[in-house]
Amino acid sequence: MKLVFPGGEHAAVLLATGINRIGSAADGAVVLDRPGVVPVHCEIHQSGVGVNLQVPVDGGVVLVNDKPVREMIALRAGDTINIGGVIARVASADAPRPVASSGSTGSLPAADDDSGATRMRAAVPKFVLRGVSGPVFGKMYPITGATVIGRAPECSIPVAVDEISRRHVELKPVADGVSVEDLGSANGTYINGQRVQKGFMKGGDELRLDAVRFLLVAPGQEVAATRKLPTTPAGNGKGGSGKIIAIVVLVLVVAAVAAWFAMQH
């Protein structure tokens, strides 16, 4: 897939596999040095299973097909993205660049015939890594393919923390979870507090790289919280009922024995 800018704010950009950051920061995949565009305004994640757009916690206002983006959504060819007032359009990599009509502003109609429909679709990657500490707190990272976490800017998930190695760990989605492989890091990779060279994570597991922590979650599913069952008060639960039954049985036995002795005498 690629992004085209009918207003000429940027040349057409072929989206790379992984995370494509869009904003005013000079190291982004798409640099839009314009008023209203913050350093990392939004992110487009491309993998073998689709293209998703996400607005980070400190990102800017983004509209897709004139609707505000509040969560991760999927994109397809023909969608229009308003990035702080700059209009971009999603196109197939081999599609010709659309020509903007003179004086046109705002969103362009989609290339297909259903441009009247608003298509806001929640993306459904099988697993998402959610940052729960440090610089990644509150950020969501879909795991849709091989994902490298490290200090180097070219990593799929770059984390600018000195204690994290340049290429720290690689994650890969598998049938029922995510495989984890430490890439020779200095400070180690931990799953649920246990250091691993190679490991496996399922929904609800914690990944820790030094002091930076992530939680693996499945979108649309709450991570089950372990709850302690309330203690049954004495005399009100099964234990109390058992004691009462035992006492009644004992009384009946004693009464029966007493009646037998009385009959014998």
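The values are calculated or read from the model by the stated rules, or taken from the named source; none is laboratory data. Just so it is clear, the structure is predicted and the values come from calculations on it, not from any experiment. Note that each Cβ is placed from the backbone with ideal geometry, even for glycine, and that neighbours are counted across all protein chains shown. Heads up: the accessible areas ignore ligands, DNA and RNA and are worked out on the full protein's heavy atoms, side chains in. Shrake-Rupley method; radii C 1.70, N 1.55, O 1.52, S 1.80 Å.
When each of 69, 61 is tested for being among the aliphatic types (A, V, I, L, M) and buried (at least 17 other Cβ atoms within 10 Å of the Cβ), the lone residue that passes is 69. Scanning the stretch 72-80 turns up one or more residues that are open to solvent by 20 Å² or more (accessible area, probe 1.4 Å), assigned to a loop (DSSP other than H, G, I, E, B), touching a Leu at 6+ places or on another chain (Cβ under 8 Å) and touching a residue at least 12 places away in the same chain (Cβ under 8 Å). Within the stretch 55-83, the only residue that satisfies the criterion of being closer than 21 Å to residue 93 by Cβ and touching a Cys at 6+ places or on another chain (Cβ under 7 Å) is 83.
Assess whether residue 14 counts as being open to solvent by 50 Å² or more (accessible area, probe 1.4 Å), among the aliphatic types (A, V, I, L, M), in contact with a strand residue (DSSP E or B) (Cβ under 6 Å, 6 or more places away or on another chain) and touching a residue at least 12 places away in the same chain (Cβ under 8 Å). Spelling it out, residue 14 is indeed open to solvent by 50 Å² or more (accessible area, probe 1.4 Å), among the aliphatic types (A, V, I, L, M), in contact with a strand residue (DSSP E or B) (Cβ under 6 Å, 6 or more places away or on another chain) and touching a residue at least 12 places away in the same chain (Cβ under 8 Å). Would you tally the residues in the stretch 21-67 being part of a strand (DSSP E or B) and either under 22 Å from residue 134 (Cβ atoms) or not aliphatic (A, V, I, L, M) (or both)? Number of matching residues: 11. With (1) modelled with pLDDT under 95; (2) exposed (fewer than 15 other Cβ atoms within 10 Å of the Cβ) as the list, and residue 216 as the residue in question, which single condition is left unmet? Unmet for residue 216, out of (1) modelled with pLDDT under 95; (2) exposed (fewer than 15 other Cβ atoms within 10 Å of the Cβ): (2). Confirm whether residue 130 is open to solvent by 30 Å² or more (accessible area, probe 1.4 Å), under 22 Å from residue 21 (Cβ atoms) and outside any strand (DSSP E or B). So residue 130 does not fit the description; no.
So, residue 106, is that one at positive phi and either open to solvent by less than 60 Å² (accessible area, probe 1.4 Å) or at pLDDT 85 or above (or both) or not? Against the criterion (at positive phi and either open to solvent by less than 60 Å² (accessible area, probe 1.4 Å) or at pLDDT 85 or above (or both)), residue 106 qualifies. Annotation: residue 172 fulfils all but one of (1) open to solvent by less than 80 Å² (accessible area, probe 1.4 Å); (2) not in a loop (DSSP other than H, G, I, E, B); the unmet one is (1).
Given the structure, is residue 191 closer than 13 Å to residue 19 by Cβ and at pLDDT 85 or above? Spelling it out, it is not the case that residue 191 is closer than 13 Å to residue 19 by Cβ and at pLDDT 85 or above.
Among the residues of the stretch 156-169, the one identified as assigned to a loop (DSSP other than H, G, I, E, B) and touching a residue at least 60 places away in the same chain (Cβ under 8 Å) is 156.
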